[in-house]
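**Student:** Mind having a look at this structure? Questions to follow.
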Amino acid sequence: MYTFTLPSGLEAELREMTGAEESLLTNRRLMKDGEAVNQVLRNCLARLGDKTEVAAKDVLDLLSGDRLFLLVKLRQISFGDEVDLTLTCPAKDCGETTDVHIALDDLDVTSYGTEREFIFELPRTKKPVIFTLLDGHMEKRLAVLKAPDLHSAMLMRVKEIDGKAPNKNSLAELPAFDLNALRAEMQRVDGGIDTTIHAVCSSCGARIVTRLEAEPPFLFPNVRL
């Protein structure tokens, strides 16, 4: 067993993945609705805080930054610290591949503060916004949305705008300046592990940006999917 302190300060104990977890992660239906990751985390969590019997709700109750941190650590203890990626250049006239080597121990981790609810005044409209942190329940709802957009996750985090519960048009009606400020404030209070990968195409020099967990070698090294 391996013990880690999550970005929220909660202590967790993990076991390595087995073939059962690999099967879950290759189930297209379970991956599409996010259930594969939830089940894998539940299977591999031997302890979460004081709980030695981890339920599905306990996994969903976790903050998103904790969940991604656990997934990275699970990959680390199961397959090792090194991840080798082959990234395809996004430039229209290029398409060449660039090899990138990642050491998981080098990824930046930001701790959460003690607050779970925040009040922020929008700079242009001066409306107060009450928002919370993203968790597994919200991630599950996002996974089943037919057409999630830039505002979907933000809206789920918002509890009130100017004293009223938000609706689907609440963010769309705000000035873009206010939205950008709210987005920055949400990012400021977030914790977790930074899995953003920045690379430069070795052929044309174009910028390549991806998320480590979105790349197949992250959880399936040396496997052609």
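The values are calculated or read from the model by the stated rules, or taken from the named source; none is laboratory data. Because the structure is a prediction, the values reported are computed rather than measured. Reconstructed Cβ throughout: ideal geometry from the backbone, glycine too, with neighbour counts over all protein chains shown. Ligands, DNA and RNA are stripped out before the accessible areas are found, and what is left, the full protein with its side chains, is counted by its heavy atoms. Shrake-Rupley method; radii C 1.70, N 1.55, O 1.52, S 1.80 Å.
**Student:** Which net charge results when you count Lys and Arg as +1 and Asp and Glu as -1 among the other residues whose beta-carbon is under 13 Å from that of Thr5?
**Tutor:** -1
**Student:** On the first, second and third principal axes, largest extent first, how far apart are the outermost C-alpha atoms of the chain in Å?
**Tutor:** 53, 52, 32
**Student:** Cross-chain or 8 or more residues apart, Cα under 27 Å: how many lysine pairs in segment 28-107 fit that? Count them up, please.
**Tutor:** So the count works out to 4.
**Student:** Largest first, how would Lys127, Lys51, Lys73 line up by accessible area (1.4 Å probe)?
**Tutor:** Output order, biggest surface exposure first: Lys51, Lys127, Lys73.
**Student:** Still on this structure, please answer the following. With a cut-off of 13 Å, note down the residues of segment 41-84 whose backbone N falls inside the zone around a label point 7 Å from the Cα of Tyr2 toward its beta carbon.
**Tutor:** Output list for this probe position: 44-46, 69-83.
**Student:** If you don't mind, another one. Distance between Cα centroids, segment 185-222 to segment 115-176: provide it in whole Å.
**Tutor:** A separation of 25 Å, based on Cα centres.
**Student:** A further question on this structure: Quick one: divide the alpha-carbon radius of gyration of segment 53-111 by 2.2 N^0.38 Å and tell me what you get.
**Tutor:** This ratio for segment 53-111 stands at 1.56.
**Student:** Test of the criteria: in segment 92-155, which GluC sites (Glu not before Pro) are in a DSSP loop and have at most 12 other Cβ atoms within 10 angstrom of their Cβ?
**Tutor:** Answer by residue number: Glu115.
**Student:** Can you give the local net charge around Ser203? Use residues other than it whose beta-carbon is closer than 11 angstrom to its beta-carbon, Lys and Arg +1, Asp and Glu -1. Walk me through the intermediate numbers first.
**Tutor:** Values: positive: none; negative: Asp93, Glu96.
For residues surrounding Ser203, the net value is -2.
**Student:** While we're here: Specify which residue in the list Val129, Cys94, Thr114 is farthest towards the positive end of the charge dipole of segment 75-136, using unit charges on the beta carbon of Lys, Arg (+1) and Asp, Glu (-1), about the Cα centre.
**Tutor:** Val129
**Student:** If Rh is defined by the Kirkwood formula over all Cα pairs and Rg also comes from Cα, what ratio Rg/Rh do you get for segment 100-225?
**Tutor:** Details: Rg = 17.9 Å, Rh = 17.2 Å.
Radius of gyration relative to Kirkwood radius: 1.04.
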